[in-house]
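To start, the structure under review is shown below, and the notes come after it.
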């Protein structure tokens, strides 16, 4: 009897050690449930063969990923193409109001320093954040919510599940990663759908490697300037740049997830059993409410609140001199050796540090430093921006590393506050800042060293 029991236990251990043991259990459960259902349930037959055929296409190993990347490319193209004119219109409106605000302060006999702090610092920063963030989010989030309501996003998670499981993370992280394309703060909040605390933390720490739409304008501008052939295909080329960077961000996300799951966040990946829901007819009213009110305006409001004091601090640094140089110039000089090591320069690193509250203000801060102006500046065209950057020693390597650093660097202030709220931990918030900073710097140093050897 004992021998038979030992044999059964040995067989059970052998089966449980198999790579697909959990999948086999789930498959058996579903098969048994279907057999019972067929025996005891009688219902009117409704042909839904088209759903099965569509799922076979969208989740197939051959076509699943190309279709997924193609749809993402379309979404990015519509976001880039659709946001151009509204952003310009909104910027013209907001900066047009700047003159009225200046006249109001002049009528009140406000001192020049107060005008500079309020108008050139705080107001201009908020105007840039709103004009750059609002149109792309107002386009991206409704499209994201449309696919969510349609039932396609679970198919995305299904396609990426094997990759994330191999990295020791949760398949649901694919959904939070998609949300991060609109805003990383929203992506961090979306990590609540992951049941395992360990895997939720991995998703939170790596969400920043997916570029939010606040970084799109910088990618588009630098891609057009330093990879000139992209300018010939307009918004399609810009979308291709972003799509390539998103793909690289996904690879970094998987690698860092794998690294975390084998070091400070060790653990066994949880079983991710996903029953694909039926396709549904999207509810337009619900999509607009959820995407525009619950996501777009909520995220924008938090970004503006964080960016306003950043504009004031930047203005103070750019208008306060010490020993014949502004504090901004001195900060850039201090960071210059570190910047050169990474194929950048001191002003670039200073712009990223001061632009931490909102990615949208990095480029205006950089231009303010290069042109030695006391106010944030934005070029009137990509051509003007290119001339300014080239005059300050930029090369193709500088442009490439700037895009890499923007893709991988520390989260913005809004995202950091969200991470603190979601984790309730200062330690993990600090790690979420240091980890991508180290990854971004290492990637830029490696790229710079390789380029200097072969170029």
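The values are calculated or read from the model by the stated rules, or taken from the named source; none is laboratory data. What you see is a predicted model; the values in this text were computed from it and never measured. Here the Cβ is made from the backbone with ideal geometry for all residues, glycine too, and neighbour counts use every protein chain on show.
Going residue by residue through region 44-55, is there one that turns out to be part of a helix (DSSP H, G or I) and either within 30 Å of residue 211 (Cβ to Cβ) or at pLDDT 85 or above (or both)?
Yes: region 44-55 contains one or more residues that are part of a helix (DSSP H, G or I) and either within 30 Å of residue 211 (Cβ to Cβ) or at pLDDT 85 or above (or both).
With the checklist (1) in a helix (DSSP H, G or I); (2) more than 18 Å from residue 352 (Cβ to Cβ) in hand, flag the one item residue 222 doesn't pass.
(2)
Is there a residue in region 349-361 that is surrounded by fewer than 19 Cβ atoms within 10 Å (Cβ to Cβ), free of Cβ contacts under 8 Å to residues at least 24 places away in the same chain and either touching a helix residue (DSSP H, G or I) at 6+ places or on another chain (Cβ under 7 Å) or not in a helix (DSSP H, G or I) (or both)?
Checking region 349-361: not a single residue is surrounded by fewer than 19 Cβ atoms within 10 Å (Cβ to Cβ), free of Cβ contacts under 8 Å to residues at least 24 places away in the same chain and either touching a helix residue (DSSP H, G or I) at 6+ places or on another chain (Cβ under 7 Å) or not in a helix (DSSP H, G or I) (or both).
Has region 372-383 got at least one residue that is modelled with pLDDT under 85 and touching a strand residue (DSSP E or B) at 6+ places or on another chain (Cβ under 9 Å)?
yes
Does region 92-105 contain any residue that is over 22 Å from residue 140 (Cα atoms) and part of a loop (DSSP other than H, G, I, E, B)?
Taking every residue of region 92-105 in turn, none turns out to be over 22 Å from residue 140 (Cα atoms) and part of a loop (DSSP other than H, G, I, E, B).
From 386, 374, 399, 369, grab the single residue that is surrounded by fewer than 22 Cβ atoms within 10 Å (Cβ to Cβ), more than 24 Å from residue 244 (Cα to Cα) and in contact with a helix residue (DSSP H, G or I) (Cβ under 6 Å, 6 or more places away or on another chain).
374
Has region 27-43 got any residue that is in a helix (DSSP H, G or I), modelled with pLDDT of 80 or more and under 35 Å from the mean Cα position of the chain (by Cα)?
no
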